[in-house]
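Structure, as structure tokens:
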Amino acid sequence: MSPPHRFHPLARALHWTMAVAIVAMLFIGVGMASTVSGARTSLLPAHRSLGVVLLALAAVRLGVRLTRRAPPLPEDMPAWQRRAAGASQIVLYVLMFTVPIVGWAMLSAGGYPVTLLGGVQLPSIAPQSPALYAALRHAHTYLALLLFGAFLQHLAAALFHLLIRRDDVFASMAPRWGRRRGG
């Protein structure tokens, strides 16, 4: 069986949905952390719910990734770039799980319930502790910034493949408008 030329449609849908949601989440988080206005009270529940949704989507996405073959990288791609691509994928997946779990643990440590839109309350996953809350709050912030940096690196690599190398790497994950002619 020959390797696929494009990622599975579900993998592509999850990729683009999560890309938009992660960027929205990062902006909501920054807005939430930098305001003392009444907007904070409406941003908090959206941030929490979106975090839980992203955690669930990350689990589905990992399952799809583990069960569906990815298209091969170009044969002429240098070995160091192949290793960097693999490492960056691992970093992104780790952060897609770690950031929301640390956020959930932070809220648990602070005694704040994680209530989803619709009133569903998630169980606490950390003991209540002001010191633990403070440590997890810092960790959540730094991990979110690291996720943003990894996202920007991923975007830069995608644009490099699209605009400089002009190979099929971008097209393998892109919606129809990103496909090369004849592909």
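Numbers for the structure displayed
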{"quantity": "Out of LEU159, LEU66, LEU122, LEU147, sole residue that is surrounded by 14 or more Cβ atoms within 10 Å (Cβ to Cβ) and either touching a Phe, Trp or Tyr at 6+ places or on another chain (Cβ under 8 Å) or farther than 21 Å from LEU44 by Cα (or both)", "calculated": "LEU122"}
{"quantity": "Where a residue in segment 7-29 is closer than 22 Å to LEU66 by Cα and its partner, wherever it lies, is crowded, with 19+ Cβ neighbours inside 10 Å and of a type in the set (Gly, Ala, Ser), with Cβ under 6 Å and at least six apart", "calculated": "PHE7/SER172"}
{"quantity": "Members of segment 125-134 that are open to solvent by 40 Å² or more (accessible area, probe 1.4 Å) and either part of a loop (DSSP other than H, G, I, E, B) or among the charged types (D, E, K, R) (or both)", "calculated": "ILE125, PRO127, GLN128"}
{"quantity": "Breaking point among (1) open to solvent by 60 Å² or more (accessible area, probe 1.4 Å); (2) in contact (Cβ under 8 Å) with a residue 60 or more places away in the chain; (3) under 22 Å from THR115 (Cβ atoms), for SER49", "calculated": "(1)"}
{"quantity": "Candidate set from segment 85-109 (those that are without any contact (Cβ under 8 Å) to a residue 24 or more places away in the chain and either of a type in the set (A, V, I, L, M) or closer than 18 Å to LEU43 by Cα (or both)); member that is most open to solvent (accessible area, probe 1.4 Å)", "calculated": "ILE90"}
{"quantity": "Any hit, segment 169-179, residues being open to solvent by 80 Å² or more (accessible area, probe 1.4 Å), modelled with pLDDT of 95 or more, farther than 18 Å from ALA21 by Cα and not in a loop (DSSP other than H, G, I, E, B)", "calculated": "no"}
{"quantity": "Filtered residue count, segment 28-65, keeping only those that are hydrophobic (A, V, I, L, M, F, W, C), part of a helix (DSSP H, G or I) and modelled with pLDDT under 95", "calculated": "11"}
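The values are calculated or read from the model by the stated rules, or taken from the named source; none is laboratory data. Source: prediction; values computed, not measured. In this analysis, Cβ positions are derived from the backbone assuming ideal geometry, glycine residues included, and neighbour counts consider all displayed protein chains. Surface areas here come from the heavy atoms of the whole protein model, side chains and all, with no ligands, DNA or RNA. Shrake-Rupley method; radii C 1.70, N 1.55, O 1.52, S 1.80 Å.
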